[in-house]
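A quick write-up on the structure given underneath.
The values are calculated or read from the model by the stated rules, or taken from the named source; none is laboratory data. Bear in mind the structure is a predicted one, so any value in this text is a computation, not a measurement. Glycine also receives a Cβ, built like all others from the backbone with ideal geometry; neighbour counts cover every protein chain displayed.
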Amino acid sequence: MIEIREDCIPEIKIPDGAVLIIGAGHFGQKACRVMRASERPVLIVDIDPGNLDAAVLEGASALGCDGVRFLCACYSRLDSETIIVPAVPVHLAFEWMKDHLSGLWEVSRIEVPPEIAGDLPNSFRATEGSVLVSYADFICPDNCPEPEHCTVTGEKRTVPLYNLLSNISFMDWNVAVLRSRQLAPGLGGYSAGDLAALADTVMDKRGGNWLICTSCSCHAIVTACKITPSYSTGRLISKAGD
């Protein structure tokens, strides 16, 4: 196992094309088992040494520090094709975006308007004001292959949830959706380049009220925020690897 101190984060080398799993709990360890079958190097990050010990047994390289802070600090060194698997109980993409825009933009988390949350399928409040959304009102199988027809009900998903969220229209609110793509049955993630595109979408609008969403076909997390420029000129370089 690799154990690092917080002040050693800048020294960590991340191979091109790696799979970076943020969180080594139940879902993170499952991701580790699945992704070790690929040819990509797997790095898993967690602040809990006990979780890391279990992950190492699965064959991953382990980094002992806060996962959100690690992603924010090391993002500029990630290849755009690096796969990121969120496995922490926070909206990882939003936390990254907030840090990434800091200095040029003020990102203030606010509550998702009830008028919006109430129109979303099976929505309920999560941590720090975010809203969890799902087409399912039951616990999905761990190995769901995300088919066109639900494996439990047989119902056809005519509109993927990420499309439904993209089409939200409410007053002056903007919407940015980061699609979580299936890496294996029951496992999703996104690339470092996808995160860059998310930040670019927000910056191109130059602020306002935003719904930041991470979504697969059936499940999503939505965080609301107000974004204002810290000053009138300048643009943060957001492309992964720059």
Can you tell me which of R33, R40, R5 is modelled with pLDDT under 90, of a type in the set (K, R) and loosely packed, with under 15 Cβ neighbours inside 10 Å? R5
Considering the stretch 195-215 alone, what residues qualify as being surrounded by fewer than 20 Cβ atoms within 10 Å (Cβ to Cβ) and either modelled with pLDDT under 95 or over 23 Å from D172 (Cβ atoms) (or both)? D200, T201, M203, D204, K205, R206, G207, G208
Let me spell it out: the conditions are (1) modelled with pLDDT of 90 or more; (2) more than 19 Å from L71 (Cα to Cα); (3) out of contact with any Pro (no Cβ under 6 Å at 6 or more places or on another chain), and A192 meets all of them except one. Which number is the exception? (2)
Give the stretch 13-30 a look and list any residue that's within 21 Å of the chain's Cα centre (by Cα) and either modelled with pLDDT under 85 or not in a helix (DSSP H, G or I) (or both), or say none. I14, P15, D16, G17, A18, V19, L20, I21, I22, G23, A24, G25
Tell me which residues, restricted to the stretch 54-88, are free of Cβ contacts under 8 Å to residues at least 60 places away in the same chain and either within 14 Å of the chain's Cα centre (by Cα) or part of a helix (DSSP H, G or I) (or both). A54, A55, V56, L57, G67, V68, L71, C72
Condition broken by L92, with the remaining ones in (1) touching a Pro at 6+ places or on another chain (Cβ under 7 Å); (2) free of Cβ contacts under 8 Å to residues at least 12 places away in the same chain satisfied: (2)
